[in-house]
Structures are given as C-alpha cells and as structure tokens.
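A.B. asks: There's a structure below that I have some questions on.
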Amino acid sequence: MYKLMSSKIFKTVSAVLLGAALGAGSLPAGVPSVQAADTSLSARNQLLLDCGPGPAAPGYVRLLPSTLYKASPGYGFLNPKLVTGADRGTPDALRGDFCVPKSPLRADLPNGEYQVTVLSGDSAEASSTAVTAEASITADFTAAAGQFDQKTLTVPVTDRRLDLEFGGTAPRINAIEISRVHKFDFGPGAVEPGYTPVRQTTSYSASTGYGFSDVTKVTYGADRGAPDALRGDYLGASGASFLLDLPNGDYEVSLISGDQTEANLVDIKAEGIYRARALAAAAGEFSTATFNVAVIDGQLSIEVLGAVPRLNSLVVKKRPNRVKGDKPTAYLAGDSTVQTYNSRFYPQAGWGQKIGDYFTDGVIFANRAIGGRSSRSFVNDGRLDTILNEIRPGDYLFVQFGHNDASSNPERYAAPYTTYKEYLKMYLDGAKQRGATPVLVTPVGRRSWDANGLFKNDFPDHYAAMKQVAEEQNVQLLDLNARSIAFYNTVGIEETKALFLWLEPGVYPNFPNGVQDNTHFKEEGAVQIARLVTEGIRDLQLGIAAFIK
C-alpha cells in the first residue's frame, strides 16, 4: 500500500533536502497543500515552465517572453528581444498563452539524462515549430488552430546546462517540462556509464535521496563480469525496499533482473502494489519489467521479493504531465453500492451505473467502483493508482467508502479516526496534485432503522471521520448518507423494499432463490440514489453541475 501519514511528513522534508547527486533538492511541485512551483535550480529533479505572458498553470514556473537568462534563477532566453508571445485566455492556463521564441532558451541543470517534453500549439492559429536540444536532438511540432502537439526528447546534459533552440514557420511554445531520468546500477562491479551505483551498503538518507530502507536485508551480491557492466553484477535483496525521493507525479519504472551463472526468480512491488510476479530467468538470461506508478507522497518505494531475487538495474522516468481534456471526466471510487453491474446480475445496480443518465454528454463518468472494497483495499489493489495514472486537470474524483471499512476483515478494515482518514487523504492528495477536484461522498444509507421506526446511520464513526477529513483538507463533501436516509424516511420501511435488492424466488433468472438484501440496490433504487448524488452536485455548485439535464 502507499505509505501512511506518519512517514509522509518525513518524506516531504526529505524531498526538500535532496542532494545534487540525484538532481533533487526543492519541494516537489504537487506536494499536498504546497502548490507553488519549484524555482530553485541549484539541484532539481524537474523544471516545469509555462511559456507566455499569461498566468502560469499551478505548479509551473512562469516563463515570460522577456525572461532573460541569468545565473540566478538559472533559466531564461539568451536574447529576450527576439521573443514575443500572446495570451489567448483559452482553453486553460497552460495552453492559453505561448511564446514565439527566436532566441535559444537555457536552463542550468546537474549533469545527467533528462526527458524534455514540449507542448506546442495555439487556440487561434495553426502552428509549426522545430525544437533542437543540445544542438543535436530535434523534434518537429505541427498543430492546426485549436490543436496542440506534444513530444518528448531524451537529452543528455554534460556541461551542467540545457540549451534549446527554436525554429519553424509559425513557432509556438506553451510549456516545457524538464525531468531527470534516474538510472541505478545494482551490484559490486563496474558501473554502467550514466548510472548511479548502488552497493550492498547503500542506505537511504535524505541527503542523497535514495537507498535501501534496511541494508541488513540486502544479504548478497556478486560481480560476474559479463555480459556487460549493467547485467554483470547484481544485489540480492529479498524483502528490502529501495527508496527514491521524487516530485509527486506519474512515473515509468523499468528494471532488469537476472544472473549470468544462476537462475533467478523475483517479485516486484512498487508503492506496496505487486507490479511484476514470478519474473523467472534461467542462468545467463535476464528478465525485464516496465510499469507505471503514481507517486503521491514524495517518495517511490520499490520492494524486491522472491525465493532468489536479484536486481541488476532500475530506471525511473517521469511521465509527462497531462493537460485538460476536451470534456471533464468524473471518476468514481467506491464499493458495491456504487459499482456498475453487467446483465448477469440484473436487476442489481449501483448508483454509479445510473448517474450518467442525469447529465448531458458534456461530462464523462468513469465508474471504477468495485464490490467488497474499502478505502484501504481499493488502494492496495492498485485501483487508485490506475485512476491517478489517467486523471487530468479539470477532472473529478468522487470517493465513497465506509461500508467495508467497518468490516472485521483485516484486508478491508480501516479504523475510522486513524487509518480511514489517512487512506482518504491519499485519494485527495493524488487528485489535487494532478489538477483534479476530489469530492468525498459519505457512505450511502442501508435499509436499517431504529426503535422509533426511523432509518439510521450504520456507520457513525466512519461518517464523522469523513466529515473531519473534508473540513481538515478543505474539500467538498457530498453527504449522501444524510440525503439517502432522509429519502428513505419519506418512502417508508416496507416501501423501501422496492429500492433495495429484495427479490421473490423464481422472478429473476439471476436470483432463482430470491434474495433479501438491505445494502444493495435494484435498478429502481440505484436510479433514486443517483438522483440524490446529482442533487448534491448541483447544491455544491461543482463545475459539472452545468451539465445536469
């Protein structure tokens, strides 16, 4: 699972203190509650530049056409007199303005390999732009009016500065994202050029920003000398976690695992989630794995497991920031009361299955809810990670958990005022860091009533804890629990059977024996709960309320 709050504070501080060995050092853009852009250039993992005369997008440094390169802050145009720009004001802060550069741009960076992602376009006119990095690496960008082209160049920096030159018949530069590629060579042997060595004694420290959390678990290593420097040596580290401090964001992780003389078998976890299982390689062969990871707490954790695990190398690349979509997408994270069901379960339905019926096609609903999940198990299954690797600025993340968090099942249970709150904050942090709007949804009420015949809240502690999180984190709360209970009371105890999954035997082929379920809904109930959610969206004045029919 993702690391919990007690360690997050330490990791955020660690991210500030990264040393030049990794090129980190300033507070990562997107750290929860700290949305200021990174402007310290003495040592960094990434530099996000929003080019143009308009306001900078959140987390980006404003690069004006008039920005002259100076040693401090360490970036700018070499001749700003040759740079113009315009602010169209649309479609968003990142793409709404641009520079028209006829001067090179320079950024001071530690030596190493970088991903340079350029966004080019104009909401009003066609554009054609050429970019050359370090006088040798080129890319061409072409976009019609209102369209934008984005490409990534892999660029080695060897003189502690990155130079970009621009050309084209109608050049436009909206944004430039520069991110360090982290490359590690594990083992006692020779180090592959461009890689950072990791030895058996390499312990994590805030000053370097990388290393094993517990070197006593790195129990062996060997240098075979072949077939090359990268694969010729390895470290064996069953149960050890390799930590790397990073700005929050989405990353691609690649690794090599094997041995020239012995067989190898390894499992890999990242952020507590299995990413590769039973990577097997015979003697002299090597397994590879590549996967995406969402980092939300300023640190990537790679755990090495297996009977005979060996790790040769690790490469971590930041995936480019995503831009706002043509339409907002509302992601739903929740349990079986939210889930979309196929025809094999008819007439069972979740409110997430019906919510789209209340809206025009101006918003897209992506229902990722799944039965039996709590705030905890949804994270540990990798489902939040999947959402965070897709969600864009301007999107929404609706989070409803509580039913299964109160379960006695240890894989689901989340203590309301501690673990539950910590997990909920992961959803909020991940969404906010990626420019999306999180909305907490209190758990929908069950068909349960008190001695006075009034429907009641079966999750009072988790309900209260969620409200606390919403207030503490200053996020919107849609009180579906209160809305649904109030609605049930207007319907009546007996009549609510028409909403819930109460089915007579022999009526529905999918439930031949019938069922009496006071938690889940028939389609009629899901429609009504979706209506209550829609009313809540309207009352909260969320942006997507504009698309309510």
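The values are calculated or read from the model by the stated rules, or taken from the named source; none is laboratory data. In this text the structure is predicted, and so the values were computed from the model without any measurement. FYI the Cβ positions are ideal-geometry reconstructions off the backbone, even for glycines, and counts take in every protein chain you see.
A.B. asks: Counting just the residues of segment 226-245 that are buried (at least 21 other Cβ atoms within 10 Å of the Cβ) and modelled with pLDDT under 95, which one comes out farthest from residue 304 (Cα to Cα)?
C.D. replies: Of everything passing the filter in segment 226-245, 236 is farthest from residue 304 (Cα to Cα).
A.B. asks: Could you say which residue among 122, 163, 140 is under 30 Å from residue 394 (Cα atoms), touching a residue at least 24 places away in the same chain (Cβ under 8 Å) and in contact with a Lys or Arg (Cβ under 7 Å, 6 or more places away or on another chain)?
C.D. replies: When all the criteria are applied, what remains is 122.
A.B. asks: Sticking with this structure for a sec: Of the numbered conditions (1) over 24 Å from residue 438 (Cβ atoms); (2) loosely packed, with under 13 Cβ neighbours inside 10 Å, residue 496 fails exactly one; give the number of that condition.
C.D. replies: Just one mismatch for residue 496, condition (2).
A.B. asks: Can you spot a residue in segment 294-303 that is out of contact with any Lys or Arg (no Cβ under 6 Å at 6 or more places or on another chain), surrounded by 20 or more Cβ atoms within 10 Å (Cβ to Cβ) and of a type in the set (D, E, K, R)?
C.D. replies: No: segment 294-303 contains no residue that is out of contact with any Lys or Arg (no Cβ under 6 Å at 6 or more places or on another chain), surrounded by 20 or more Cβ atoms within 10 Å (Cβ to Cβ) and of a type in the set (D, E, K, R).
For every residue, the table says whether it meets (1) free of Cβ contacts under 8 Å to residues at least 12 places away in the same chain; (2) surrounded by 17 or more Cβ atoms within 10 Å (Cβ to Cβ); (3) part of a loop (DSSP other than H, G, I, E, B).
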position: 414; (1), (2), (3): no, yes, yes
position: 417; (1), (2), (3): no, no, yes
position: 424; (1), (2), (3): no, yes, no
position: 445; (1), (2), (3): no, yes, yes
position: 463; (1), (2), (3): no, yes, no
position: 470; (1), (2), (3): no, yes, no
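A.B. asks: Right, something else. Give the residues of segment 75-111 that are over 15 Å from residue 51 (Cα atoms) and surrounded by 19 or more Cβ atoms within 10 Å (Cβ to Cβ), sorted by residue number.
C.D. replies: 108, 109, 110
A.B. asks: Right, here's the next one. Picking from 391, 370, 364, which residue would you name as being touching a residue at least 12 places away in the same chain (Cβ under 8 Å), β-branched (Val, Ile, Thr) and surrounded by 23 or more Cβ atoms within 10 Å (Cβ to Cβ)?
C.D. replies: After applying the criteria, what remains is 391.
A.B. asks: What tally of residues in segment 119-159 results from selecting those that are part of a strand (DSSP E or B) and exposed (fewer than 14 other Cβ atoms within 10 Å of the Cβ)?
C.D. replies: So the answer is 3.
Quick grid of which residues meet (1) assigned by TED's automatic domain parsing to the domain that holds residue 223; (2) touching a residue at least 40 places away in the same chain (Cβ under 8 Å):
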{"position": "281", "(1), (2)": "yes, no"}
{"position": "287", "(1), (2)": "yes, no"}
{"position": "298", "(1), (2)": "yes, yes"}
{"position": "306", "(1), (2)": "yes, yes"}
{"position": "324", "(1), (2)": "no, yes"}
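A.B. asks: Can you name every residue in segment 506-546 that is crowded, with 18+ Cβ neighbours inside 10 Å and among the hydrophobic types (A, V, I, L, M, F, W, C)?
C.D. replies: Residues satisfying the conditions are 511, 521, 526, 527, 529, 530, 532, 533, 537, 542, 544.
A.B. asks: Restricting to strands (runs of 3 or more DSSP E) lying wholly in segment 173-225: which have 2 or more residues that are over 23 Å from residue 113 (Cβ atoms)?
C.D. replies: 220-223
A.B. asks: Among the residues of segment 489-541, which ones are of a type in the set (A, V, I, L, M, F, W, C), in contact (Cβ under 8 Å) with a residue 12 or more places away in the chain and assigned to a helix (DSSP H, G or I)?
C.D. replies: Correct list: 498, 526, 527, 529, 530, 532, 533, 537.
A.B. asks: Is it true that some residue in segment 275-283 is surrounded by 15 or more Cβ atoms within 10 Å (Cβ to Cβ), under 22 Å from residue 389 (Cα atoms) and within 29 Å of the chain's Cα centre (by Cα)?
C.D. replies: yes
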